[in-house]
Amino acid sequence: MPPNLTGYYRFVSQKNMEDYLQALNISVALRKIALLLKPDKEIDHQGNHMIVKTLSTFRNYILEFEVGVEFEEDLRIVDGRKCQTIITWEEEQLVCVQKGEVPNRGWRHWLEGEKLYLELTARDAACEQVFRKVK
């Protein structure tokens, strides 16, 4: 049975974010802003229904979905694109596959103790973010 990810998580660290943003063809100006951000995550997980909020001083992004149901994701706030997205469980990891203009795009969330990990991928780049559960 997959873990319940409900909680509020504070940003701890990240690795390789610039490489990931370059793989998405994000402009230099936006990359500089993004590299300064320390986003929080708020997750509401009720069965197969989930709301994942990425909260920052620059922009907020809210993703609401049903696990296992493909949908069109509007990523214009992130990089100006739309894609077909499906999010499923692979054992204890929540895995997202985003099909569109950018190959190998997606992410995965998993818990290790009180830490929430997020791996973001695009093309051949991978970024890892770590968050600590605060409530």
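The values are calculated or read from the model by the stated rules, or taken from the named source; none is laboratory data. What you see is a predicted model; the values in this text were computed from it and never measured. Note that each Cβ is placed from the backbone with ideal geometry, even for glycine, and that neighbours are counted across all protein chains shown.
For this structure, a couple of remarks:
- Every pair of residues 6+ apart whose Cβ atoms lie under 7 Å, when the first sits in region 90-112 and is closer than 18 Å to residue 26 by Cα while the second is surrounded by 15 or more Cβ atoms within 10 Å (Cβ to Cβ) and basic (Lys, Arg): 98/105; 100/81; 101/81; 102/123; 103/123; 104/123
- Within region 103-135, the set of residues being surrounded by 18 or more Cβ atoms within 10 Å (Cβ to Cβ) and polar (S, T, N, Q) comprises 121, 129.
- Test set (1) assigned to a strand (DSSP E or B); (2) at pLDDT 95 or above - residue 69 fails condition number: (1)
- Within region 55-102, tally of residues that are surrounded by 15 or more Cβ atoms within 10 Å (Cβ to Cβ), of a type in the set (Val, Ile, Thr) and under 15 Å from the mean Cα position of the chain (by Cα): 7
- Unique residue being closer than 18 Å to residue 125 by Cβ and either free of Cβ contacts under 8 Å to residues at least 24 places away in the same chain or hydrophobic (A, V, I, L, M, F, W, C) (or both) when the list is 76, 31: 31
- Residue within region 40-50 that is surrounded by fewer than 15 Cβ atoms within 10 Å (Cβ to Cβ) and under 24 Å from residue 123 (Cα atoms) present: no
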